Amino acid sequence: MSEHWVNSVRAEYTNSGINHIEGGWPKDINMSDPEATQRYRRKIEKDDAYIHAVMHLGHSMEHNILQNNAVDMYQIYYSELPVIPPVEKSSCHTVNVYREPGARRPVRSLSWQADGGARLAAAHADVDFIKNSRTLQFSYIWDIENANTPELTIKPPQPLLDLQYNPRDQHTLVGGMLNGQVGWWDSRKGGDPVCICPPHVAHRDLVRNVLFINSKTGAEFFSSSPDGVVKWWDTRNMSEPTDSMIIDLVKLPNDTQTMENALGISALEYEPTIPTRFMVGTETGLVIGGNRKGKTPLEKLPSKYDAHLGPVYSLQRNPTFLKNFLTVGDWTARVWSEDCRESAILWTYSHRTKLTDGAWNPIRFSLILVTQWDGCLSCWDLLRRRSAPIVTAQLCDEPLLRLRPHEGSVDYYSFTATLKRYLKREICHLRAIEVGRDFKSVFDKILERENKRERILEARLRELRLKMRQDRDCGQAQVAESDPTCNDKDLEEATAEYNQIVNDLMAQQRKN
């Protein structure tokens, strides 16, 4: 048995009354005059005694509210309510499948028609097959509403590794071929190329990336290759490139860039709002920023980021926050800032299979889509969580190689050797509920916070390196002062003479 005593607070009550003839207003205030009553209210609210009285009443009112909110802790409340499903449910399903007629070659490149067009250009090539083969060289342009047959067949002299629409013209395309040549096509004139550059001015290796640049004519583009050279072209005159740049990192301004030391390029990035700058991803895992207007080699390649352990498969700037860019390589996808060159500010966990491509969502710019070698498509929303993707869909058993979101829609598309289109319905829902929350400023604060954190870590690391260097220099100086034989020329000459005699005797013994 147990006994417990509770001493409750004794409440004392008194009754009092007041006769409000004029509603409690002073006699000199006309209560029917709104302006007079408003002036009196302002006068009273500015009084210090009024503020203290309200604050004093707040404590007693809070005490009464807490007393009224006392509940039985052993009673189960709301047990009769049904289970509420989660607000956001992520899913993914296939809408259309676009198959290459008569073959199953990997899709090397995808490009949407400009200005929200309904055409999709897909470049097919099997690099591991015979490079000099004259068969299966076609690429295709699809109408997304007709998945039965392609609308137009592109007929290059060599298989295309990249095919891109002109952002200013819905009918012209440029492509890079397996033998290093580049050319352009006009869909109104059929699938044959309009013009192709001569072989002697082309790249030494296959052309992996081509992109249009921001120019007045809208006819200029540039290309990259594993040979380590970036070349600029003009579709009006393809006889030779207008400019070229060797991606060779030098240490001194007077050093010359050579093709022997050039780094193979695996990814290419260009932002039209920054016309003179571009970025390349190399096969050694580096991301190098380039400046076309630089005069010296150091000015042409001003920045370098050690991004991945292997080739950089994808490189893209954020469509809204341009100083942040996405890289995909090895087993991770990472978000970088131009202010931090030592480490990424955000990254995914290491996947079990390597990643092949990635892209930002052009509408909801906190969303990253990543394709994997095992056929999975992962969607990472950096505003919701960064520890795991919001949805991971097993789309097929074959590797997903390329991904290209549509700039004018919330639909997303992913592709393998058989071209597939995937619709993300939950993204429409997310966009509808987040527009009113000003998620742009929230995402900006997240990037700024991570950027500041990395800068602090970089500064601390530099301090540690400087301290270690100073300690090492001091140790060497102390050793030099304590050693009397240091910098003794006579001893050095005697040592060299002794070593020479020993070497001569050993050589003589070998001859005998």
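The values are calculated or read from the model by the stated rules, or taken from the named source; none is laboratory data. Only a predicted model underlies this, so the values are computations on that prediction, with no experimental measurement involved. Using ideal geometry, Cβ is built from the backbone for each residue, glycine included, and neighbour counts are taken over all protein chains shown. Areas reflect the complete protein model, heavy atoms only, side chains present, ligands, DNA and RNA absent. Shrake-Rupley method; radii C 1.70, N 1.55, O 1.52, S 1.80 Å.
Tyr305 meets each of the listed conditions (1) in contact with a Lys or Arg (Cβ under 6 Å, 6 or more places away or on another chain); (2) within 19 Å of Leu211 (Cβ to Cβ) apart from (2). Looking only at the range 202-228, which residues are part of a strand (DSSP E or B) and surrounded by 22 or more Cβ atoms within 10 Å (Cβ to Cβ)? Across the range 202-228, the qualifying residues are Asn209, Val210, Phe212, Phe221, Phe222, Ser223, Ser224. Looking across the range 318-348 at every residue that is of a type in the set (Asp, Glu) and under 23 Å from Thr273 (Cα atoms), the one that is least open to solvent (accessible area, probe 1.4 Å) is identified as Glu338. Just give me the residues in the range 1-57 being in a helix (DSSP H, G or I), hydrophobic (A, V, I, L, M, F, W, C) and either touching a Cys at 6+ places or on another chain (Cβ under 7 Å) or closer than 24 Å to Gln67 by Cβ (or both), in sequence order. Ala53, Val54, Met55, Leu57, listed by residue number. Residue-level analysis places Trp360 among those that are under 29 Å from Ile456 (Cα atoms) and in contact (Cβ under 8 Å) with a residue 40 or more places away in the chain. Within the range 147-170, residues that are touching a residue at least 40 places away in the same chain (Cβ under 8 Å) sit with their Cβ atoms under 6 Å from residues that are part of a loop (DSSP other than H, G, I, E, B) and open to solvent by 70 Å² or more (accessible area, probe 1.4 Å), at 6+ positions apart or across chains, in these pairs: Leu161/Arg208.
From Gly310, Gly294, which residue is free of Cβ contacts under 8 Å to residues at least 24 places away in the same chain and assigned to a loop (DSSP other than H, G, I, E, B)? Steps first, answer last, please.
Numbers: Gly310 fails: free of Cβ contacts under 8 Å to residues at least 24 places away in the same chain.
After applying the criteria, what remains is Gly294.
Before we move on, is Pro362 within 29 Å of Asp255 (Cβ to Cβ), open to solvent by 10 Å² or more (accessible area, probe 1.4 Å) and at pLDDT below 90?
Details: within 29 Å of Asp255 (Cβ to Cβ): no; open to solvent by 10 Å² or more (accessible area, probe 1.4 Å): yes; at pLDDT below 90: yes.
No: the conditions fail for Pro362.
I'd like to know if the range 268-290 contains one or more residues that are small (Gly, Ala, Ser) and more than 26 Å from the chain's Cα centre (by Cα). Among the residues of the range 268-290, not one is small (Gly, Ala, Ser) and more than 26 Å from the chain's Cα centre (by Cα), which makes the answer no. Once the range 117-131 is narrowed to residues that are at pLDDT below 80 and surrounded by 11 or more Cβ atoms within 10 Å (Cβ to Cβ), the residue that is farthest from Trp380 (Cα to Cα) is Lys131.
The criterion of being outside any loop (DSSP other than H, G, I, E, B), within 20 Å of Thr235 (Cα to Cα), in contact (Cβ under 8 Å) with a residue 40 or more places away in the chain and open to solvent by 10 Å² or more (accessible area, probe 1.4 Å) does not hold for Tyr140.
Select from the range 331-349 the residues that are in a loop (DSSP other than H, G, I, E, B) and either modelled with pLDDT under 90 or more than 25 Å from Ser109 (Cα to Cα) (or both) and list them in ascending order.
Our first condition is that a residue be in a loop (DSSP other than H, G, I, E, B); within the range 331-349, this holds for 331, 338-339, 341-345, 348-349.
Scanning the range 331-349 gives Glu338, Asp339, Arg341, Glu342, Ser343, Ala344, Ile345, Tyr349.
For the range 320-330, indicate whether the set of residues that are in contact with a Leu (Cβ under 7 Å, 6 or more places away or on another chain), at pLDDT 90 or above and among the β-branched types (Val, Ile, Thr) is non-empty. Yes, that holds for at least one residue.
Just one of the numbered conditions (1) crowded, with 22+ Cβ neighbours inside 10 Å; (2) farther than 28 Å from Glu260 by Cα; (3) not polar (S, T, N, Q) is not true of Ala147: (1).
The numbered conditions (1) modelled with pLDDT of 90 or more; (2) at positive phi are all true for Ile368 except (2). So, in the range 144-156, exactly how many residues are at pLDDT 90 or above and either part of a strand (DSSP E or B) or more than 17 Å from Val97 (Cα to Cα) (or both)? Of the residues in that region, 5 qualify. Cβ-Cβ distances below 9 Å connect the following pairs, each with a first residue in the range 344-357 that is farther than 25 Å from Lys323 by Cβ and free of Cβ contacts under 8 Å to residues at least 60 places away in the same chain, a second residue that is aliphatic (A, V, I, L, M) and part of a loop (DSSP other than H, G, I, E, B), and a separation of six or more residues or different chains: Thr356/Leu400; Thr356/Leu401. Selection of the range 276-291 for residues being surrounded by fewer than 22 Cβ atoms within 10 Å (Cβ to Cβ), in a strand (DSSP E or B) and among the polar types (S, T, N, Q) yields only Asn291.
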